[in-house]
1. Quick one: net charge around A158, please, counting Lys, Arg +1 and Asp, Glu -1 for every other residue with C-beta under 14 Å from its C-beta.
2. Dividing the alpha-carbon Rg of the stretch 1-101 by 2.2 N^0.38 Å yields what?
3. Any lysines with Cα under 28 Å of the K24 Cα? List them, leaving off those in the same chain fewer than 8 positions away.
4. Under 25 Å between alpha carbons, and skipping anything fewer than 8 positions from K252 in its own chain: which lysines qualify?
5. Only Cα pairs within less than 10 Å get springs; with that Gaussian network setup on the chain, which residue of N91, N164, N105 has the largest fluctuation?
6. What does the helix-only formula give at 222 nm for the chain: each DSSP H stretch with n ≥ 4 adding -39500 (n - 2.57), the total divided by the residues, and the result rounded to the nearest 500 deg cm²/dmol?
7. Under a GNM of the chain (C-alpha, springs under 10 Å), which listed residue has the highest mean-square fluctuation: A210, A192, A72?
8. Could you please state, rounded to a whole Å, how far the C-alpha centre of the stretch 149-192 is from the C-alpha centre of the stretch 1-53?
Amino acid sequence: MSYETLLYEVRKGIAHVTINRPQKLNALNHRAIVELVACFEQIGRAAEVAGVILTGAGEKAFVAGADINELAALTPAEARDTALRGQALMNDIEHLGRPVVAAVNGFALGGGCELAMACTLRIASENASFGQPEVKLGIIPGYAGTQRLPRLVGKGRALEMILNAEPISAQEAWRIGLVNRVVGPSELIPAAEEALQKIMANSPLAVRHALEAVHRGMEMAEAEGEQLEAAMFGLCCASADMKEGTRAFLEKRPAQFKGE
Ligand code: COA
C-alpha cells in the first residue's frame, strides 16, 4: 500500500512509519489521520511485524499538532467527528497488541504529543519538545491528551502543561516520566530499534497479554484489573511459549518463542 503523507517500510520485523509532511512540520491533516488508521490496520494484519517505530520526517518535528488550517474551518459537528476519529486512531495504536515506539525527533505538540503518548514507549532526541498548546488556540486537546497525559505524568503536571500551553524540553519530559529515554539525534532510530529488539526477544504472546493487562487494566477499578490480570496469566499458561520459556530457563538455554 502506498501513502501520500506517510513513508512505510518493514525491516527485520520492525515496521518503520514516518509521517512525511516536513514542510508543515508533519502536522496531522485529515489525510494523515486516515492514512495512519489504514497503516496500523495493515500492520495489524502483517504477521511478520513484531514492533513499530513511529517518527516524523525531517530534523525539526515529530508532529507539530493537528493541522491548524483544517481546524480553523471546522463546524462544531465536524470538530467532534475529528476528535473521535483522532481518538480512535490513538486507541488503535495503543491496542495494536505489539509494541510501538515513538522516536520523537523534534516538536511533539498537540496531536503530536497525543500520538507519542498512545505509543508503548517514547524515546526522544535531545532537540525534542513536548506540549499541549491547544488552549492558546481557543480549543482543548482532542486526541485524548486530557486523558493520557494525567495517566502518564500525574494530574498536577498534566494540568500545568495543558493550561499554560508551554512546551517542555526532552530532558524535562524525561524527568516527569513522559519519555523513557533521551538520546542524541543520530542515536534516535538505533535506540528505538534496540528498545524494540529487547521486547521482541520475549514471548510475543506474553507481550501482547501484558500490553492488554496494563492498557485495559488502567481503564478499570483495581480489583477488576486484577481479575483481568489473572485471566491473562491463565491464558499465558495455555501457550507453547510458556512451556518453551520455562523449559529453556530450566535447561539453561535461550528460549525460542513462536508466539503460540
Ligand atoms: N498546522 C498546520 N501547519 C503547521 C502547524 C500545524 N499544527 N505547525 C506548523 N505548521 C506549518 C507553518 O504554518 C509553516 O507553514 P508555512 O511555511 O506554509 O507558513 C510551517 O509549518 C513551518 O512552521 P513555522 O511556524 O514557520 O516554524 P517555526 O520553527 O517558526 O515554529 C512551531 C515551529 C512548532 C513553534 C510553530 O510552527 C507552531 O507553533 N506550530 C503550531 C503548534 C500547535 O499549536 N499545535 C497544536 C495544534 S492543535
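Please treat every number below as a calculation from the coordinates, not as lab data. The model shown is predicted, which means the values in this text are computed figures rather than measured ones. Positions of Cβ are generated from backbone atoms using ideal geometry, with glycine treated the same way; all protein chains shown enter the neighbour counts.
1. -1
2. Details: Rg = 13.8 Å, N = 101, 2.2 N^0.38 = 12.7 Å.
Against the empirical 2.2 N^0.38 Å value, I get 1.09 for the stretch 1-101.
3. K60, K136
4. K198, K243
5. N164
6. -14500 deg cm²/dmol
7. Taking springs between Cα atoms under 10 Å, the residue moving most is A72.
8. One Cα centre to the other: 23 Å.
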